[in-house]
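The values are calculated or read from the model by the stated rules, or taken from the named source; none is laboratory data. Note that this is a predicted model, so its numbers are computed, not measured. All Cβ positions, glycine included, derive from the backbone under ideal geometry; neighbour counts span all protein chains shown.
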Amino acid sequence: MAAPASRQRWLERAALLAILLTALVLRLDGVGFGLPALNDPDEALFVTTALEMLDKQSLNPGWFGHPGTTTLYSLVLVIASVAGIGIATGRYADADALAAAVYADPGILFLPARLMIVACGLLCVWLTWRLGKRLGGTRVGLVAAAVLAVNPVHIEYSQIIRTDVQASVFILLAALAALTIAEHGRRRDYLVAGLCAGLACATKWPAAAVGVTALCAWAGRRAGGERDWLGPLLLMVSAALTLVVVSPYLLLDHATVVQNLSGEARPLHPGATGEGFFGNLGWYVGGALLSSLGFAGLALAALGMAWGAGSRRRWTIVMLPFGLLFLAMISAQSLRWERWIVPLLPFVAIAVARALCGLADLLPAHRMRSAALPLALALLLLPMIGTARSEATERRHDTRQMASAWLRANAPPGSSILIEHAAFDLLGDPFALRFPMGSAGCVEVRDLLAGRVSNSKVDRTRGGGAVVDVGHVAMARIESCRADFAIVTNHLRYRADRIGYRAELARYDHLLAGARLRFTARAVPGESSGPTVQVFELVDRAAGGPRPDLGPAEDRDAAF
C-alpha cells in the first residue's frame, strides 16, 4: 500500500509543479508592457508614494485610499533592494543617481515591482490548491489551481502594481484559517484568522469581509453543539490589533484617511460609473467572469456553488457566504471595475473544480472517469489560455504607444506636446512635454521631474478630481495647456456622458476649439489595447492658426 500512496503523492506534486510553472510563464508573458511609459495611472501612484516614504525616511504612506499599506511597504522593500544592489554593484553612485535614472526610465523600479505582484499571483495559485484540496481532495485542489493559473483576468492583474492580487493572498490565508476553525475550533485558530483578516484589510478595505468565513465556521460549530463564545471576540480583537500594528497611521493620520476615503467614494468616474446593484451584478457576471471563464466555465461555477465534489458542509457554511457577500458588496458600489472581481476568482475556480470533479464522479467506469476529467479540463482551459495569450499581446501594443510612434514620425523636432498619461517613452525625443496638473495648470514635464514629483503634490493640485487630465485643469489655467500637439486619452470617455461631465467637456472644448485631428489609435481585439487615443494639432492663437505643412488631417469630420 505504501508504494501506490507514494506514487500518488509524486503525481500530485508533479501536476502542481506543472500548474505553477504554467502560471508563472503566463504571468511573465509581457510583464514589461508599456515601459518606460506607464499606462496604468495607479502604478505611478503606488511607486511614487513608496519613493516618497523612502525619501522622507518615514513609515507614514500619507495615502490610505485602499489603504494599500502592505503593498506600499512591500514596494519600499523592493525599491530599497534595487537601490542597494545598484549602488553595491557600482551601477549608481548614490540614491540621487538612482532617482535620476528612474525618472528617465521608470522600468528600473516598475519591472521589479511588477515581479513582486507576479509572485503574489503565483502564491494565489498555490493557496488555491491548498484550499481546494482541503475542501474536496486532491483532484479539486489541482483543478482549481489549474483554472486560476490560466484565468486571463487574474493574469492581467498579476502584472499590475495594485493591491488586488496581494489582498487575495491574505484572503486565501484567512479562508484556510477559517477551515481550521471549522475542524478544530481552537482559540489560536481564531487569532490566526484575525491576523490574516487584518492583513487583508490593511491591503484593501473590502477584503475585511473575509472575516465572515471564520464567523461562519464558528456558527457551524455552534450549530453542532460547540459552546465557545470567546472565538468571535478573539477574531475581532486579533484583526483590529493587526490592522493597527501594520498600519498605525490609520489612527495617527486619521484626517488624511477621511480625506482619501471621501475621494475614493466618488459617484462618477469616466468609463467606470455603475448602473445600480443589479446592473453592476450583471456586468460582473456577464463581463469579467464570462470573459475570463467562458460560457462553460461560468456554467460550471454556477453549478459548483450549490453542488459538487468534496465537503458540501464546509463549502456551503464557511466559503460560500464570503463569496456572495463580496460580490454583493462590489455590486452595490457607485463605480464598477473589472479588477474588483479578482479576490473572488480563487473561490470561483474552486466552484468550477467542485462541479467538474462532481460530474466526473457520476460516470460509471473508473477508467472512463480518469480519462474524462483531464479531457474536460483541457477543453475548458485551452480557450482560457488562448484568451490570456491574446490579451498579453494586446497589452504589449497599447494605443498610447501608437500615438507616441505617430508623433515621432510626424511631429517636427522642438514641437510642444500636451500629454494626459505618463508618456515616459517620449522623454528621449526632441519634444517639449506638458502635463495637466489641476489647479497648477499644465506644467513642463522635465521641470516637474526635476523637482521629484510626489504623490502628495499631485493630490494637492488635482483638487479631488478622479483623474489627472485636461478635464480637471482649472479653467483659469487652461491656456497653459496649449501646445503644438495634444495626445488626448480621456476626452471621448467624457463625451460618452455629456451630462455628467459638462464641466470637464467645457475645458476640452475650449482647448480643442479649431484643432485638427491628425491621428486616432483604436484598440483592436487580439492585437492592441487601451483607450481610443486622439492626436490633435492645436491652434496657435498667437500666430492665428495651426502649424502649416503637416499633410492632410486624418479625420476632418471629427475636427473641432
Q. Using beta carbons and a limit of 7 Å, which pairs, at least six apart or on different chains, have the first residue in region 87-112 and surrounded by 15 or more Cβ atoms within 10 Å (Cβ to Cβ) and the second one outside any helix (DSSP H, G or I) and among the acidic types (Asp, Glu)?
A. Ile87/Asp94
Q: Look at Ala18 and say whether it is surrounded by fewer than 19 Cβ atoms within 10 Å (Cβ to Cβ), modelled with pLDDT of 95 or more and more than 30 Å from Gln401 (Cα to Cα).
A: yes
Q | Answer residue from region 195-225, given it is touching a Pro at 6+ places or on another chain (Cβ under 7 Å) and touching a residue at least 40 places away in the same chain (Cβ under 8 Å) and is surrounded by the fewest Cβ atoms within 10 Å (Cβ to Cβ) among those | A | Trp205
Q | Hits in region 489-506 (condition: within 22 Å of Ala403 (Cα to Cα) and either of a type in the set (Lys, Arg) or out of contact with any helix residue (DSSP H, G or I) (no Cβ under 7 Å at 6 or more places or on another chain) (or both)) | A | Leu492, Arg493, Arg495, Ala496
Q) Pick from Phe322, Phe347: which is crowded, with 23+ Cβ neighbours inside 10 Å and touching a Ser or Thr at 6+ places or on another chain (Cβ under 8 Å)? A) Phe322
Q: With the condition kept exactly as written, say whether any residue in region 384-393 is under 22 Å from Ile19 (Cα atoms), without any contact (Cβ under 8 Å) to a residue 24 or more places away in the chain and not polar (S, T, N, Q).
A: yes
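Okay, residues lined up against (1) loosely packed, with under 15 Cβ neighbours inside 10 Å; (2) within 23 Å of Lys204 (Cβ to Cβ); (3) aliphatic (A, V, I, L, M); (4) outside the structural domain of Pro525 (by TED's automatic domain parsing):
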position: Gly287; (1), (2), (3), (4): no, yes, no, yes
position: Phe295; (1), (2), (3), (4): yes, no, no, yes
position: Ala299; (1), (2), (3), (4): yes, no, yes, yes
position: Gly304; (1), (2), (3), (4): no, no, no, yes
Q) Just one of Thr138, Thr128 is surrounded by 24 or more Cβ atoms within 10 Å (Cβ to Cβ), at negative phi and hydroxyl-bearing (Ser, Thr, Tyr); which is it? A) Thr128
Q.
I need the helices (runs of 4 or more DSSP H) fully contained in region 226-282, keeping only those with at least 1 residues that are surrounded by 17 or more Cβ atoms within 10 Å (Cβ to Cβ), hydrophobic (A, V, I, L, M, F, W, C) and within 22 Å of the chain's Cα centre (by Cα).
A. 231-246, 254-264
Q. Any idea which residue in region 413-432 is nearest to the chain's Cα centre (by Cα), counting only those that are touching a residue at least 24 places away in the same chain (Cβ under 8 Å) and within 17 Å of Arg482 (Cβ to Cβ)?
A. Glu420
